[in-house]
1. Please enumerate the residues belonging to the range 61-74 that are closer than 20 Å to THR208 by Cα and modelled with pLDDT of 75 or more.
2. Filter the range 375-407 down to the residues that are of a type in the set (S, T, N, Q), surrounded by 12 or more Cβ atoms within 10 Å (Cβ to Cβ) and modelled with pLDDT of 95 or more and list them by number.
3. Test each condition in (1) over 23 Å from TYR322 (Cα atoms); (2) at pLDDT 90 or above for LYS176 and report the one that comes out false.
4. Given the options TYR353, TYR346, name the one that is among the hydroxyl-bearing types (Ser, Thr, Tyr), buried (at least 22 other Cβ atoms within 10 Å of the Cβ) and either assigned to a strand (DSSP E or B) or more than 22 Å from the chain's Cα centre (by Cα) (or both).
5. For the range 8-19, check the following and say yes or no: at least one residue is in contact with a helix residue (DSSP H, G or I) (Cβ under 7 Å, 6 or more places away or on another chain), of a type in the set (Gly, Ala, Ser), modelled with pLDDT under 85 and closer than 12 Å to ALA206 by Cα.
6. Give me the helices (runs of 4 or more DSSP H) completely within the range 26-120, filtered to those with at least 2 residues that are in contact with a Phe, Trp or Tyr (Cβ under 9 Å, 6 or more places away or on another chain) and not assigned by TED's automatic domain parsing to the domain that holds ARG149, ordered by residue number.
7. Give the residues of the range 29-64 that are within 23 Å of ALA125 (Cα to Cα) and more than 31 Å from the chain's Cα centre (by Cα), sorted by residue number.
8. Are there any pairs with C-beta distances below 8 angstrom linking a residue in the range 402-416 that is at positive phi to a residue that is assigned to a strand (DSSP E or B) and crowded, with 16+ Cβ neighbours inside 10 Å, with the two at least 6 apart or on different chains, and if so which?
Amino acid sequence: LFIDEYDHFTNKILSEPSCLEDYKSETYGTSYLRSFFDTVKAGTDSTIKRCFVTGVSPVTMDDLTSGFNIGTNYSLSPEFNEMTGFNEEEVRAMLDYYATTCQFHHSTDELIEAMKPWYDNYCFAEQSYGGTTMYNSNMVLYFVDNYIRNRGYMPRNMVEENIRVDYNKLRMLIRKDKEFTHDASTIQTLVQQGYITGELKTGFPAETIAEPDNFISLLFYFGMLTISGTKRGKTLLTIPNQVVREQLYSYLLDTYNEADLRFDNWEKGKLASAMAYRGDWKAYFDYIAECPHRYSSQRDKQKGEAYVHGFTLAMTAQNRFYRPISEQENQEGYADIFMFPLLDIYKDMLHSYIIELKYAKGKDSDEKVEQLRQEAITQANRYAASETVQKAIGTTTLHKIIVVYQGMKMVVCEEV
């Protein structure tokens, strides 16, 4: 017996505001779902030799344990780490094959270099970290299909529309994340530190979703986090790649956007284009500085430094001409952001950017603001000279932008 997406309808129920009672009526007591799995369990003594159940959320099976307590959970087992997705050897073999039958303008190494930051870096078992990483198979096939149909030119959009997170289905995540009583939400902490730690759970009751380890586990199972080793006895989890980073930053903007407004995509697109092709960057950062005042709650604004940094990262991640790279992505503390120009896609781009963002409290003195400004200049100059940046900018003009906030007000925005 094969059961796929066993959790589909319960995830839908959980995404509704008044979800828990409906959820319990379907999974507790003499509910249909529990009775169904009771029947499956009984069938293993006679007609069912093997049962294989797949899904995303670890919630439902936990609530059905007494109805189906004979299964083995292989979700975090290292022997199945490479079961889902493609490893790099498989991706290379695919590209090598199509290069002999289709028109290619890039070598396999060049295509891997373009795809890797967007689609790679999944690890599904802690013991497998440091070994083989997995590419998102859907995204690899999307890229190869578009590359072939474009006669050997890179897709203009590296993210397939169908794979973007469906926010209606994930309203549960948004709502639960905002209900946390911590100083910052889990997503905010992830963006602030570049990582998050926790214990991955194989299952938990629905009513305990908001517990930190359970919520972190849910993000992992939804593919928003990947295992990146251990830290202080806990599993270290990071954002796996740029596709997920775009989703998470869009998600973060949604958590800020309590008024259910939508950022002006046309205006953002116009400013992004001016930044990439004309070097007009000031209006772009003025727009970012204005948005928190227009869209954010007082509670969000009280988070101060974490909020300003997270909001800036989330907004720059929406710029389709660049891939934001943080110098210290996996280390705590704020770092320069290099807006990596996507020259393989937009070959005529003329400008690239380094952003050094600093934050002063609203009550801090002007001397403190100037101190932060000088620190930012030093760090931006150092980062600009790095091999990563110099290799990536190509023929574009590199701009080093210093931004300092004092409270919620941007008091410095200049090029050095």
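The values are calculated or read from the model by the stated rules, or taken from the named source; none is laboratory data. These figures come from a predicted structure and were not determined experimentally. When we count neighbours, we look across all protein chains shown, and the Cβ atoms used for this are built from the backbone with ideal geometry, even at glycine.
1. Passing the criteria: only ASN73.
2. Residue satisfying the conditions is THR396 alone.
3. Result: LYS176 fails condition (2) only.
4. Result of the check over TYR353, TYR346: TYR353.
5. Yes, because at least one residue in the range 8-19 is in contact with a helix residue (DSSP H, G or I) (Cβ under 7 Å, 6 or more places away or on another chain), of a type in the set (Gly, Ala, Ser), modelled with pLDDT under 85 and closer than 12 Å to ALA206 by Cα.
6. 32-43, 59-63
7. Passing the criteria: only CYS51.
8. GLY407/ALA360
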